[in-house]
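Remarks on the structure that follows.
Every read-out reported here was derived from the displayed coordinates using simple, explicitly stated rules and does not represent laboratory data. Note that the structure is a prediction, hence the values are computed from the model and not measured. Glycine also receives a Cβ, built like all others from the backbone with ideal geometry; neighbour counts cover every protein chain displayed.
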């Protein structure tokens, strides 16, 4: 074998501390033993990993590559330890999900209610993240399943499209845009908007679209969810752009006018993102199937 866990931990410490001596102390080993481990790694990989300088050590390009893989590998080890510990607590599985705003608030509660009802010994962590952070989390192995809307950059990941997410404009019935059959996004920028909280995927996306149009959203107030957003709209505080599924649901109990957005980006494809579906545990693959079925 080219390395063991001690080698990787030592190398990560060296990269952080820029010192072989301090890294050896942190690992509770002699300087000679630490130096020998690094030399053995360089011999096995057939390349220099460190540059030894007067002020400490610097990683070579090969060392930077090893560091990136070592950090990812150790994250996987820690996740393995954490998940195996769950067995001692009566939990047989753990799934970490990074998802966008719509997934977290609109369909994942129902999906997880059904799934966890059938799998009481599986633990799920659901976190709302921005699209780019979701994809990065899957690529780096810090999450098992990602749920995004819109295009996914090519990163060697498995992308499973399962439905579409249409954005619409919601206004109070008496608003000037309420009677329009459809509107362009630029037309809405003349009015005060109700936005979601900072960190929301949807709000981040709309802010970016406004900037690309050379303007800024006039955010009158920001709220935590679509229900609060629709209540603000109903009472004339402002207008809002939100997923059609949420808008239609709240329009059943609130006085709202729903107007189609003309922008091509208003229709976004929803996708599940994983490193490799076949590599997931059986219960995680079942959850992916539940997401695909439930969101539709």
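Some points to look at:
- Computed [θ] at 222 nm, helices only, for the chain once each DSSP H run of length n ≥ 4 contributes -39500 (n - 2.57): -13500 deg cm²/dmol
- For the range 150-221: Kirkwood Rh in Å [reciprocal of mean 1/r, alpha carbons]: 14.5 Å
- Crossing angle, helix 5-17 versus the chain [Cα axis fit, 0-90 degrees, rounded to tens]: 70 degrees
- Counted residue by residue at 0.36 nm each, then reduced by the alpha carbon distance between them, the extension gain from residue 29 to residue 255 reaches 74.3 nm.
- Using C-alpha pairs under 8 Å with a sequence gap of at least 6, the mean separation divided by the residue count of the chain gives a relative contact order of 20 percent.
- Packing rank of 178-187, 106-115, 161-170, where each peptide gets the mean count of other beta carbons within 10 Å, highest leading: 161-170, 106-115, 178-187
- Hull volume in cubic angstrom per residue (convex hull over the Cα atoms of the range 5-74): 78 Å³
- Zero-based 5 Å bins, Cα pair distances in the chain, whole percents: 1, 5, 10, 12, 12, 10, 10, 9, 9, 7, 6, 4, 3, 2, 1, 0
- Volume of the convex hull of the range 1-126 (Cα atoms only), normalised per residue: 154 Å³.
- Distance in nm between pseudo-label sites at residue 78 and residue 6 (7 Å out along the Cβ direction from Cα): 2.2 nm
- With contacts taken as Cα pairs under 8 Å and at least 6 residues apart, the range 1-153 reaches a relative contact order of 19 percent.
- Residue with peak Gaussian network fluctuation, the chain [Cα springs, cutoff 10 Å], from 127, 286, 25: 25
- Spacing of the two label points (7 Å from each Cα toward its C-beta) at residue 51 and residue 248, in nm: 6.1 nm
- Order of 18, 55 - criterion: other Cβ atoms within 10 Å of each residue's Cβ, fewest first: 55, 18
- Nearest-ten-degree value, helix 61-88 long axis tilted from longest Cα axis of the chain: 70 degrees
- In the elastic network of the chain, a GNM with C-alpha springs shorter than 10 Å, the most mobile of 245, 35, 200 is 35.
- Gain on full stretching of the segment that runs from residue 215 to residue 289 - 0.36 nm per residue minus C-alpha separation: 22.6 nm
- Once the chain from residue 228 to residue 182 is taken as fully extended at 0.36 nm per residue, the excess over their C-alpha distance is 14.2 nm.
- Both the radius of gyration and Dmax for the range 130-249 are 15.9, 49 Å, in that order, over alpha-carbon atoms.
- If R0 equals 22 Å, the separation of the Cβ atoms of residue 161 and residue 110 corresponds to a calculated FRET efficiency of about 0.65.
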